[in-house]
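Worksheet: the structure to be examined is printed underneath.
The values are calculated or read from the model by the stated rules, or taken from the named source; none is laboratory data. Computed from a predicted structure; not experimentally measured. Neighbour counts are summed over all protein chains in view; Cβ atoms, including those assigned to glycine, are modelled from backbone coordinates with ideal geometry.
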Amino acid sequence: MKQLARVLAFAVAAVLSLPGLVQAQRNGGELVFPVPSEPPSYDGHREETFGLIHPIAPFYNTLLRVDPNDKGGTKPYPSIAESWKESDGGRTYTFKIRSGVKFHDGSDLTARDVKASYDKIIFPAPGVGSTRKGQYAVVEKIEAPDRSTVVFRLKQPSGSFIASLLSPYNFIYKADILAKDPNWYEKNIMGSGPFTFVEHVKGSHVVGKKNANYWDKGKPYLDGFRAIFIRSSAAQVAAVRGERAHIQFRGFTPADRDNLKSALGNKITVQESAWDCILLVAINHEQKPFDDKRVRRALTLALDRHQASESLSKIAIVKSVAGVQVPGTPFATPPGELNKLAGYWTDINKSRAEARRLLKEAGVPEGFQFTFKNRGIPMPYEPLGVWMIDQWRQVGLNVKQEVIEPAAYFGVIRKGDYQAAMDFQCGYIVEPDLDMYKFLSADRNPANYGRYKDPVLDALYDKQSGETNVEKRKQIIRQFEKRLLDEEAHYLMTLQWHRIIPHSSKVKGWTVTPSHYLNNTLDTVWLEQ
Amino acid sequence: MLHYIIKRLLLMIPTLFGVAVLIFLLLRVVPGDVVEARYMSQGSQFTSQDLMNIERKKLGLDQPLWKQFTSWMGGVLRLDFGLSMWTGSPITEEIKLRFALSLQLAVMATVVATLLAIPLGILAAVKQDTWIDYAVRVFSIAGLAMPSFWLGILMILVMLIVFKWLPPMVFTPFWVDPWENLAQLIWPALAVGYRYSAVATRMMRSAMLEVLREDYIRTARAKGLWLKLILTRHAMKNAMLPVLTVIGLEFAFLMGGLVVTEQVFNLNGLGMLFVEAISQRDYTLTQALVLIVAAVFIFVNFATDIAYAWLDPRIRYR
Amino acid sequence: MAVTKETLDRLATPKPERARWLQATLDFTRQRPLGAIGAAIILVMAVVGLSAEWLAPYDALQTDYGAMLAAPSGAHWLGTDAYGRDVFSRVIFGSRTALIVGLGASIIGATLGALIGVASAFFGGRIDLVVQRIMDVLISFPLIILALAVVAILGTGVQNVILAIAIPMIPRCARVVRSSALAVREMPYVDAARAAGFTDARIVLRHMLPNVTAPYLIMLTAFLGQAILLEASLSFLGLGVQEPVAAWGLMLRGAAVEFAETAPWMAIFPGLAISLAVFGFNLFGDSLRDALDPRLRTQ
């Protein structure tokens, strides 16, 4: 009886959490949305920008996708693969490919196309570039024994393999086309997605229209969509405010949200989520005095994160105080535990006193001057830079900011030509392996700009990666976090980004996730009259 | 005259070539390249050196500089600007829409400026050192003093609050929907035109003053000819020359120099494209843009000089 | 005729003006009231810029997250910005930045331009031709685009911004000064000096430069206003002076636009400050030009 009640409660909760199911979907209408940047090419396997995902993803399908109703953005959900199973102790994954899926040119999509697409990503022909090859280093080979089966064989078991297949970039292309020209998809669009390509006017917009033969019967609900390229964020807000656009999928600032809400009231619905992006400060371990961990600890201790969480969240797209995992996600450290780390204490005076003590102990004089390099992007680099410089000033550090143009930025940082610099981490899915890879020793990961080697940290990473027990894995992640942020203070975290999507209340069937790369196939989205 | 025209035309060649060399070298000195901009700007952890090399090879960036330069120049001589390094599409396609917008905005701003400058300049000159003169000068100097992006911000703010007007989302070409098109461009044209008129008004005033001081005008005045007649018949023609020069040069400037105004009014013109191209290290596109803008500038310069020579027989050319 | 150094110097140096500065100032004010207003604005700006520490009620860098985006009041005359910093104090400190950048860029630009212009005119011939072509090339680059390229190469920050603004000014000044210098070159005392065996450098510095002072000063004052405007534009684009330094263009960026509706003071006052400063320099420059050379038309 108790069991039945629980099941019932669960079912009710499930239904309520799926807003799309409560109301009957309406067919028709064109979804209009501004996109802050224009796709350089159409090839998802090649590009790394949401500027490609937002206008182009609706033309394609991926092998798996993230459950469109999962606000956490982590649940695997079938797409081209109807189902999958793991065998051979986690070394083999077998996918059953859906039948009846057709490309926009009318041909059938089969296991062969899936294999060809993933081969292009993981085992590119010589001379063909692949952006995400390194992410799938664990894959040994891919097989397509028949039309409806694809098998991935791994070199060793990997807890994050399925998560890596949820990547929104891995469009399934047609094998025959790839065989003729692996670069064909850079300039052409031909997928199996819920929408078909109509036009792209350079510097203006991309238009898609409903794919009437879509395999998922009844979908998409929209007649079409229009993605408009608008760089200026003020103009994007104006478009939503003037009800000429329904939604912008990347995110607006708190000020924009408040303006929209006060101008349009109930016509605006706001969805918010912690955002799987964070700015962190890389500290150059090869430069004195930053080779001294007391100095690095002082830098993190000087930051009043709790106060900033309240004040900066009014003016910038940041909010939660975070460790190495997005707060609220399965592997994140609960706030009570997190507040024990250096720089996370709730008593800022005690924290600053400790910072001053450490600086003194390390022989850093009052008024010590250093340069903080920041990237020339206004939001949220600028407010966080201003905030940190002010915080450091309060423990007697005199910091000058040098802003470097975005395109040149990582080149400069990678060369180690800095003392302390803003670094950036952003993922399409919250997953410890992907999120913590950044912090591995510099010889294992060239994108670790702190230039340190820490075998203890590396060992902890490997240990958590192979751990299948969730609770045990959490414990190891916590040790990793404590070593990284507190004991060694290799890197220091600012605040977790905060994604704010104020959209027209007419837009239904779309759920915000922690990633602006996810949930943009638009098949479930519909417009209320 | 013909000799002069030919000489001036020939002088354009080394200048354009110099512009080409300069921008080519400048871009190579700027740190970072298009491949870095593409693969490292998202903070990706998996970008390999291998991938960057493949991409550089694809774009010909592994070639020695002189080879890159000659192959680019070869294309330019055949009026082929090549492909954008960022998008891989032909540059003419990338520029088409933006060029139309910038050209139209420049023309509209010029009209606004001329309509303001000529009457105001004449008025100020005729009423020299009276309060009218001062008022005109303050008005025009204020136009020069206000940053046009600030004026734009204020204009948008006022129109938003008072008229509920919002900047448009995309550029609609005139031939598609003239009304929509004008509604979009009239405000930036006013903001830019005002600043632009300030230069022209001052030039009109001083040129007019100078002409009014010349002997033949004095004679005409002494003979009792109607002032208005003098102004229209004699003075206007000669005073127009320097004004023409200023208008021409400003026009050329407007074609590529409206970076900030375009940003404020959300216009996708050549100025914004330039900033984008530089920030993406799209060498080919930036080079093409600079050449085009410089060519427009040099040509307008040339045209006004010729017009000058043609209109004013007093000027002799060596 | 025996040419002595003294005769040459006497010939070359313009006659000394009456040293009665007060009288001159009064005359200028009476004859050119607009110019006097301009001079007054510049003076105020200079005083404010120099004594910012004493005039500003707050430290321009002092954040106060308890008073973010506060409206103008007794405590904050012009309100506060997104970090709770006092806008009035930042406008005051901003005038210092504007002066440093404006003066630095226009002095460097105009002086280098004048030197190049004079040298080019003096040497004439092939050198002149080559120099002029180079100047043509630089002039054909739109001003802001050249500045953008310079910032992209050198990076941001006050010194680099000064250079980025100065470089496009060089050819503009060089052209004007060259044409004035060309006229001077034909004058007899330059020939005489050459005949007397003076070095090129000496002739240029002692004899030609003083005679191109008028166009030089005119260009310099014209550049001052432009430099302040350009600095504001570059900072607005994020390519100029960087936070947390107080600079007017920077104050108009980001939050000022975002909060324009709810906190308009953030956008209004720095913009007014820029306009007023440039207005002052232009008024003064115009009158100076009229006073020095009513026929000079360029720029």
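Tabulated data
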item: Residue within region B:127-143 that is surrounded by 19 or more Cβ atoms within 10 Å (Cβ to Cβ) and aromatic (Phe, Trp, Tyr) present; result: no
item: Pairs where the first residue, in region C:129-147, is within 8 Å of chain B (Cβ to nearest Cβ) and the second is among the hydroxyl-bearing types (Ser, Thr, Tyr) and part of a helix (DSSP H, G or I), C-beta under 8 Å, 6+ apart; result: C:Arg133/B:Thr15; C:Asp136/B:Thr15; C:Val137/B:Thr15; C:Ser140/B:Thr15; C:Ile144/C:Ser233
item: Failed item, numbered, when B:Ala100 is tested on (1) in contact (Cβ under 8 Å) with a residue 60 or more places away in the chain; (2) farther than 30 Å from A:His200 by Cα; result: (2)
item: Any helices (runs of 4 or more DSSP H) falling wholly within region A:186-302 and containing at least 2 residues that are within 26 Å of the chain's Cα centre (by Cα) and within 18 Å of A:Pro39 (Cα to Cα); result: A:233-241
item: Residue selected from region C:67-79 under the condition without any contact (Cβ under 8 Å) to a residue 40 or more places away in the chain and within 12 Å of chain A (Cβ to nearest Cβ), by the criterion farthest from A:Pro378 (Cα to Cα); result: C:Ala67
item: Any hit, region C:161-169, residues being within 20 Å of B:Leu270 (Cα to Cα), crowded, with 22+ Cβ neighbours inside 10 Å and under 15 Å from the mean Cα position of the chain (by Cα); result: yes
item: Total residues in region A:113-148, condition exposed (fewer than 14 other Cβ atoms within 10 Å of the Cβ) and within 13 Å of chain B (Cβ to nearest Cβ); result: 4
item: Within region C:230-259, considering residues that are among the β-branched types (Val, Ile, Thr) and surrounded by fewer than 24 Cβ atoms within 10 Å (Cβ to Cβ), the one nearest to A:Ile315 (Cα to Cα); result: C:Val257
item: Residue in region B:2-12 that is under 26 Å from A:Phe410 (Cα atoms), away from chain A (no Cβ under 14 Å) and either of a type in the set (Ser, Thr, Tyr) or outside any helix (DSSP H, G or I) (or both) present; result: no
item: A:Ile477, sole failed condition from (1) crowded, with 21+ Cβ neighbours inside 10 Å; (2) within 20 Å of the chain's Cα centre (by Cα); (3) more than 14 Å from every other protein chain (Cβ to nearest Cβ); (4) modelled with pLDDT under 90; result: (4)
item: Restricting region A:222-271 to residues that are more than 15 Å from A:Phe50 (Cβ to Cβ) and among the basic types (Lys, Arg), the residue that is farthest from the other protein chains (Cβ to nearest Cβ); result: A:Lys267
item: Within region B:74-102, tally of residues that are closer than 23 Å to A:Tyr185 by Cα, within 11 Å of chain A (Cβ to nearest Cβ) and either of a type in the set (A, V, I, L, M) or outside any helix (DSSP H, G or I) (or both); result: 10
item: Filter result (in a strand (DSSP E or B) and charged (D, E, K, R)) within region A:470-504; result: A:Arg499
item: Region A:79-104 - residue that is among the polar types (S, T, N, Q) and not in a strand (DSSP E or B) and, of those, surrounded by the most Cβ atoms within 10 Å (Cβ to Cβ); result: A:Ser79
item: Close pairs from region C:194-220: first touching a residue at least 12 places away in the same chain (Cβ under 8 Å), partner of a type in the set (Phe, Trp, Tyr), Cβ under 6 Å, at least 6 apart; result: C:Val204/C:Phe122
item: Hits in region A:436-448 (condition: more than 10 Å from chain B (Cβ to nearest Cβ) and either more than 19 Å from the chain's Cα centre (by Cα) or at pLDDT below 90 (or both)); result: A:Ser441, A:Ala442, A:Asp443, A:Arg444
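Conditions tested, residue by residue: (1) under 28 Å from A:Ile413 (Cα atoms); (2) crowded, with 22+ Cβ neighbours inside 10 Å.
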| position | (1), (2) |
| --- | --- |
| A:Val456 | yes, no |
| A:His498 | yes, yes |
| A:Ser505 | no, no |
| A:Thr521 | no, yes |
| A:Thr524 | no, no |
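So that you can scan it fast, the table gives a plain yes or no per residue for (1) more than 8 Å from chain B (Cβ to nearest Cβ); (2) within 22 Å of C:Val48 (Cβ to Cβ); (3) among the basic types (Lys, Arg):
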site	(1), (2), (3)
C:Gln226	yes, yes, no
C:Leu239	yes, no, no
C:Ala246	yes, yes, no
C:Phe259	yes, no, no
C:Leu283	no, yes, no
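Residue by residue, here is whether (1) within 13 Å of chain B (Cβ to nearest Cβ); (2) surrounded by fewer than 20 Cβ atoms within 10 Å (Cβ to Cβ) holds:
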| site | (1), (2) |
| --- | --- |
| A:Trp345 | no, yes |
| A:Lys360 | no, yes |
| A:Thr371 | no, yes |
| A:Val386 | no, no |
| A:Leu397 | no, no |
| A:Pro406 | yes, yes |
| A:Ile413 | yes, no |
| A:Cys426 | yes, yes |
| A:Asp433 | yes, yes |
